[in-house]
Amino acid sequence: MTKDLVIIGYGAAGFAALIRANELGIRPVLIGYGPLGGTCVNVGCVPSKTVLRIGELYNYVDRVLGREYYPEFMEVFAREREVVSELRRLKYEDVLAKYDVELIEGKAYFTSPNTVKVNGRVIEARRFIIATGASPNIPEIPGLREVGYWTNVEALNPDRKIDSLIIIGGRAQALEFAQMYRRLGVDVAIVQRSPTLIPDWEPELALEAQRMLEDEGVLVITNAKVLRVSRGLGKVVVTDKGEIEADEILLATGRRPNVDLNLETAGVKLNEKGGILVDDELRTTNPNIYAAGDVIGGPMLEALAGKQGVVAVDNAVLNAHRKIDMLSVPQAIFTQPNLARVGLTFMEASRAGFNADYRVVWMRDVAKARILGETRGLIKMIIERSNMRIIGVHVMAENAAEFIGEAALAIRLKATIDDIIDTVHVFPTMAESLKLAAQAFRRDVSKLSCCVD
């Protein structure tokens, strides 16, 4: 019997696709491998943000008491596992029970353009959605595999307390784990091959992020090439700038799409990033197969994956021709203070042909930042000069992840700085920094009293 829809993968994108399929009256086949819920709830967003939150609380106590105070290492991860178990049950296991779906646990492989094989069973379908996610990228470094290493999986489920950690990489994951482990009392070093951390972010934010980590005692080595890894008393990373030794090495070197599905047989091609090639409607080179989430190889964000899962179903089933405005997709790094961004950087805007302009407002000029005692950071707003339309917002601030959505909405609706200025913002809030950034195009915000319109 030919199925209407087969969804391969049961993480964020797969579950979103399942729910949307049911809303359209379709009972899909859902095929998944590994823990239900995929990366985010099991070894990604949920556990990492849980541990980061515990570190925030202890760091606050440190500041109040004026001395270092660390949580009990293994108890932190025991609490993290409780939260993961609870949210996996509430958001995936219990949710699955509420929908009409045929669940198959196992690895699926295409045997033709319209059939997959799983657990020895061949399933034919009219439409497929591939949502198999991504896995840690393991670079080829001499000695690495012999000495051993951690990925995010092991770093969120350590089997013992460690005293020192070397992180190879310098993007979002590296920053979060560096602060996380430092606030657990671990000596941390970051080794990054680029001249700055988070090199695709605005340079002001990259420099502030490095300063933030160094102020907390993290050793940051940039523009460094890892030559090899060996074993001494601990694990030794040899770079072109010297040697570092630690108890463990954490690889934060990106993620690779999970495309081991015999895609050639299905007529599905890959893109230059090694992910599944899709058009702007998420259709692959096989018109009956769509892809969503990290397996595409684009921005690997859970919220985006969920959106793509819904859009893929609508386009596959309804031929709805839905597209996602990627310019308005926000992202955040959950250090304290947060880093968040949406839209174009100034360099990207200039390269795209915009006559762009920008303003920077420092958090020391935001009243709520002073109230919270967290004045590190800034907000940088980028606009198109001809119409004053906002095309990029980049923030390092306390709770920036909580208000970057307003900037995303502004970009999606093609709002101008005057739209932001004319919107009354609650005082005192960190979100008021958006209004101050917009006002900075008109006046010197350091000379303004509170709540000046």
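Dipole of region 253-410 (Lys/Arg Cβ +1, Asp/Glu Cβ -1, origin at the Cα centre): which of Leu304, Thr253, Asn271 lies farthest to the positive side?
After comparing all options, I get Thr253.
Which percent, to the nearest 5, of DSSP beta bridges fully inside the chain are antiparallel? Please list the in-between numbers first.
Details: 47 of 75 bridges.
Here the share of antiparallel DSSP bridges comes out near 65 percent.
Leaving out ligands and nucleic acids, and using a 1.4 Å probe, what accessible area per residue does the chain come to in Å²? Numbers along the way, then the final one.
Working: 20280 Å² over 453 residues.
Per-residue value: 45 Å².
Provide the packing ranking of 125-131, 156-162, i.e. peptides ordered by the mean count of other C-beta atoms within 10 Å per residue, highest first.
Ranked from most to least packed, the peptides come out as 125-131, 156-162.
With 31 Å as the limit, write out which pairs from Lys273/Lys380; Lys241/Lys269; Lys3/Lys91 have Cα-Cα distances beyond it, or answer none.
In this structure, Lys241/Lys269 lie more than 31 Å apart at Cα.
In whole Hz, with x marking every Gly and Pro, tabulate ³J(HN,Hα) for region 243-258 from phi via Karplus 6.51 cos²θ - 1.76 cosθ + 1.60, θ = phi - 60°.
These are the phi-based 3J(HN,Hα) values: 10, 10, 10, 7, 5, 9, 10, 10, 8, 10, 10, x, 10, 10, x, 7 Hz.
So if each residue of separation counts as 0.36 nm, and I subtract the Cα-Cα distance between Arg443 and Glu402, what length gain in nm does that give?
Full extension of this stretch gives 12.1 nm more.
If I model a spin label at Lys161 and Ala352 as a point 7 Å from the Cα along the Cα→Cβ vector, what separation in nanometres do I get?
Output for this residue pair reads 4.9 nm.
Under the rule of at least 5 residues apart or a separate chain, name every residue whose amide H is placed under 5 Å from the amide H of Leu227.
HN-HN under 5 Å from Leu227: Val238, Thr239, Asp240.
Please identify the GluC sites (Glu not before Pro) of region 258-359 that satisfy two criteria: DSSP loop assignment and at most 10 other Cβ atoms within 10 Å. Which are they?
Glu272
Which order do the peptides 414-421, 390-397, 336-343 take when ranked by the mean count of other beta-carbon atoms within 10 Å per residue, highest first?
In decreasing order of mean packing, 414-421, 390-397, 336-343 become 390-397, 336-343, 414-421.
When Lys and Arg each count +1 and Asp and Glu each count -1, what net charge do the other residues less than 10 Å away from Ser164, Cβ to Cβ, add up to?
Working: positive: Lys235; negative: Asp163, Asp187, Glu245, Asp247, Glu248.
That sum, taken over residues with Cβ under 10 Å, equals -4.
List the equivalent ellipsoid semi-axes of region 19-177 in whole Å, largest first, each obtained as the square root of 5λ for an eigenvalue λ of the Cα gyration tensor.
Numbers: eigenvalues 289, 96, 31 Å².
Equivalent ellipsoid of region 19-177: 38, 22, 12 Å, largest first.
What ³J(HN,Hα) values, in whole Hz, does the Karplus curve 6.51 cos²θ - 1.76 cosθ + 1.60 give for region 112-128 when θ = phi - 60°, with x put for Gly and Pro?
These are the phi-based 3J(HN,Hα) values: 6, x, 9, 9, 10, 10, 9, 6, x, 9, 9, 10, 9, 8, 6, 9, 10 Hz.
I'm checking a number: the convex hull volume of the Cα atoms of region 266-376, normalised per residue, in Å³. What is it?
Output value, Cα hull per residue: 148 Å³.
Between Leu327 and Asn262, how many nm apart are label points set 7 Å from Cα along the C-beta direction?
4.3 nm
Could you grab the Rg to Rh ratio for the chain? Cα atoms only, Kirkwood for Rh.
0.98
Considering only protein heavy atoms and a 1.4 Å probe, what is the carbon-and-sulfur percentage of the accessible area of region 126-249?
47 percent
Just flag the GluC sites (Glu not before Pro) in region 377-424 sitting in loop per DSSP whose Cβ has no more than 11 other Cβ atoms within 10 Å.
In loop regions of region 377-424 (DSSP not H, G, I, E or B), there are no sparsely surrounded GluC sites (Glu not before Pro).
Under 16 Å between alpha carbons, and skipping anything fewer than 8 positions from Lys161 in its own chain: which aspartates and glutamates qualify?
Glu72, Glu75, Glu80, Asp187, Asp247, Glu248
Show the residues, 5+ positions off or on another chain, whose built amide H is closer than 5 Å to the amide H of Ile391.
Those lying under 5 Å, H to H, from Ile391 are Ile382, Ile383, Glu384.
Calculated FRET efficiency, Val95 and Thr375, Cβ-Cβ r, R0 45 Å, to nearest 0.05?
0.65
So how compact is region 330-428: Cα radius of gyration and Dmax in angstrom?
13.3, 40
Lys and Arg at +1, Asp and Glu at -1: add these up for the other residues within a Cβ distance under 11 Å of Ile244 and post the number.
Counting the neighbours of Ile244, the net charge comes to -1.
Restricting to region 105-210, what percent of DSSP beta bridges are antiparallel, rounded to 5?
60 percent
How much length is gained on full extension from Val452 to Glu105, taking 0.36 nm per residue of separation minus their Cα-Cα distance?
Residue separation times 0.36 nm, minus the Cα-Cα distance, leaves 119.1 nm.
So what J values fall out for region 66-82 if you push phi through Karplus, 6.51 cos²θ - 1.76 cosθ + 1.60 with θ = phi - 60°, rounded to Hz, Gly and Pro as x?
Values, residue by residue: x, 8, 6, 9, 10, x, 6, 3, 6, 5, 4, 6, 5, 5, 4, 5, 5 Hz.
At 0.36 nm per residue, minus the direct Cα-Cα distance, what do Ile138 and Leu24 gain on full extension? Give it in nm, one decimal, please. Don't jump to the answer; show the numbers that get you there.
Working: separation 114, 0.36 × 114 = 41.04 nm, distance 4.00 nm.
Computed gain between Ile138 and Leu24 is 37.0 nm.
Scan around Ala291 for amide H atoms under 5 Å from its own, H built in the peptide plane at 1.01 Å from N, and keep only partners 5 or more places away or cross-chain.
Ile130, Thr284
Could the peptides 193-202, 319-328 be put in order, highest first, of the mean number of other beta-carbon atoms found within 10 Å of their residues?
193-202, 319-328
The values are calculated or read from the model by the stated rules, or taken from the named source; none is laboratory data. Not measured: the values here are computed from a predicted model. Positions of Cβ are backbone-derived with ideal geometry, glycine not excepted, and every protein chain shown enters the neighbour counts. To get the accessible areas, we keep the full protein, side chains included, count just its heavy atoms, and leave off ligands, DNA and RNA. Shrake-Rupley method; radii C 1.70, N 1.55, O 1.52, S 1.80 Å.
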